[in-house]
Amino acid sequence: MTSYRNDNAAVLNLVRPQAVHRDVYVSPEIFELEMELLWRNTWIYVGHDSQVPTAGDYYTTEVARQPVIMIRGTDGLVRVLMNRCAHKGAKLVSARSGTCEAGLLRCPYHGWTYRPDGSIRTIPVRSGYDGTGFDGTTAAKGVVVVHNVVNYRGFVFARLSAEGPSFDEYFGASLSSIDNLVDRSPSGRLEIAGGVLRYMHDCNWKMFIENLNDTMHPMVAHESAAGTAKKLWAGMPEAVPKPMAIEQFLPFVNGYEFFDKMGVRLYENGHSYTGVKFSIHSNYSAVGEYEKGMEQAYGAERAREILGEIRHNTVYYPSLTIKGAIQSIRVARPIAHDKTLIESFTFRLVGAPEKLLQRTVLYTRLINAPTSVVGHDDRHCYRAIQDGLTTDGNEWVSLHRNYVPAETDGMAGDYNGTSEVSMRGQYRAWARFMSGGVADGAKS
Amino acid sequence: MSNQSIDDAAAVRFVFDEARLVDERRLDDWFDLFTDDGRYWMPLTRGQPDGESHTSLFYEDKLLLRVRVERLKSPRSFSQSPPSYCQHVLQQPMIESSDLARQAWVVRTPFIYVEAQADEQLVLAAVSWLHLVALDGRLRIRLKKVELLNCDAALPSIQLFP
């Protein structure tokens, strides 16, 4: 068995322009290296600032498997702290979210308290540390603060490593998908609402991420779900308005041509979105007074521009995928080489009709829930890959579809929607970070 | 029979019969137990007020239930190869409310639910609230609400009907 640690060449050999070696999915060692090199050196989605609306509010999650606290300070800033007491290392907060007592984080073990900026407020019987050499240690500074944090229009990202690409360099023009999602709120504000679906997957995280812009699978994998919905509705007269659930299911079994013409746009560093021209969300019925409210907020022309952008999935490699057109996001939290938690959140567009929240709540239940008939078949296929890749005789995973050698000059641009170019773009970024390289566009 | 009123004991017995239909995968018969406006609801949080503005695990009207039941018959339901089987282990159902004049009941039943597929088995604990009405002399489900003990946990696929 190959050992990849300290063998950069062996890691790089796993990625060819149009194929990847199975070890990127099945090797526990590669997974460990991914956490150290890819997930620490890139910008990982932490949470949305509406989850911590007032000072002292916190939300806990993990970045690269390390527990972190997203917390709002008395200065209004949202910070990301390592969820570790400076003293003996206990996780300070175990609840998923809440408000800290008296505005302070307090360790449940010895009662050390911290301000929301991580600094120590009190240590019981502090005099016990006098003359011990404690002052000047890392512990004396308090909870470790993640310094590289950016709150982009409410979306909070963190980069754990001290060195690495800047936020703007890393995401570049791909941020237009977040822009479009936020702009869809007539007030320009989003609120996480409607709960979080937490769906445990027994597969590698990349299978999920790659699937988001894999447009050759819906009509196959989801035939039993969406195809059944289509058949059940087939006898209904035209005049009967389609229930929202039917509107949401049907496009999953659209043909290859539909998904191909939808188009995919690539950015550097593994980011991409499908639905450049239109998407599976394009033909949803209008919702009440929403468009009128948007016109009042932005003017008719700008409102049309915002609502005319109906993207499918945007992948903010490696952790976040968003659906701006129906204000939902899915977040990948890798746990092991064959275990990944997918968390799905929905947004209220503040100032827009409640019906839009209900629409995204329905969609996320139909598609992203542990009880979803669409999700079941996706998860089944991911696990089938995880198992199938252990077979001998073919160690390579083909990503050839619509490959052209010219891609390697730089991948940003528009491609046909059924191309596997988004995956090739992800692995190009993967290889660069896994070999300790820097982001495209970053200063060397 | 249609004029004969249904008593509390029949409502309790119904709970066992209903679970048995699911466990035996007689899903068309199970589907027919729901009224036309019937719903199968599994909230995502404790004390969740509704299923419209908050996501649920299930919040199925009859159309969505029909999609599920029909899908399970499809040879292309890949996640059902091999098929899942389930078993409800019910605690004694208790009548929470009973209106014999209007022939309407609410029955509360704590239960353990086991869903097995090949070598894996998922065990869930839950409480069901069956809102029953009598139509044409037989009991029907207006609402089956299932409160999962660990509704907010990271869950694997739940493919049948707890």
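The values are calculated or read from the model by the stated rules, or taken from the named source; none is laboratory data. All values derive from a computational prediction rather than experimental measurement. Don't worry about glycine lacking a Cβ; one is built from the backbone with ideal geometry, like all the others, and counts go over all protein chains shown.
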Taking only the range A:381-414 into account, find how many residues are within 22 Å of the chain's Cα centre (by Cα) and without any contact (Cβ under 8 Å) to a residue 60 or more places away in the chain. 0
A:Glu238: part of a loop (DSSP other than H, G, I, E, B), charged (D, E, K, R) and away from chain B (no Cβ under 14 Å), yes or no? yes
Wholly enclosed strands (runs of 3 or more DSSP E) of the range A:325-444 bearing at least 3 residues under 30 Å from A:Arg198 (Cα atoms) and within 14 Å of chain B (Cβ to nearest Cβ): A:328-336, A:339-349
Just to check your reading of the model, which residue among B:Arg39, B:Arg66 is at the interface with chain A (Cβ under 7 Å from one of its Cβ atoms) and more than 21 Å from A:Arg198 (Cβ to Cβ)? B:Arg66
A:Arg153 under 30 Å from A:Ser328 (Cβ atoms), modelled with pLDDT of 95 or more and touching a Phe, Trp or Tyr at 6+ places or on another chain (Cβ under 6 Å): no
The listed residue being under 27 Å from the mean Cα position of the chain (by Cα), modelled with pLDDT of 95 or more and small (Gly, Ala, Ser), out of A:Ser119, A:Ser97: A:Ser97
As an exercise: evaluate A:Phe157 against (1) without any contact (Cβ under 8 Å) to a residue 24 or more places away in the chain; (2) not in a loop (DSSP other than H, G, I, E, B) and give the number of the one condition it does not meet. (1)
How many of the residues in the range B:81-104 are among the small types (Gly, Ala, Ser) and either closer than 30 Å to B:Ala116 by Cβ or in contact (Cβ under 8 Å) with a residue 24 or more places away in the chain (or both)? 4
Check the range B:136-149 and report whether any residue there is modelled with pLDDT of 95 or more, within 19 Å of the chain's Cα centre (by Cα), surrounded by fewer than 16 Cβ atoms within 10 Å (Cβ to Cβ) and assigned to a loop (DSSP other than H, G, I, E, B). yes
Exactly one of (1) in contact with a strand residue (DSSP E or B) (Cβ under 8 Å, 6 or more places away or on another chain); (2) surrounded by fewer than 22 Cβ atoms within 10 Å (Cβ to Cβ); (3) within 23 Å of A:Asn211 (Cβ to Cβ) is unmet by A:Pro53. Its number? (3)
The listed residue being within 14 Å of chain B (Cβ to nearest Cβ), among the charged types (D, E, K, R) and in contact with a helix residue (DSSP H, G or I) (Cβ under 7 Å, 6 or more places away or on another chain), out of A:Lys230, A:Lys277: A:Lys230
Would you confirm whether or not the range A:198-211 contains a residue that is part of a helix (DSSP H, G or I), at pLDDT 95 or above and basic (Lys, Arg)? yes
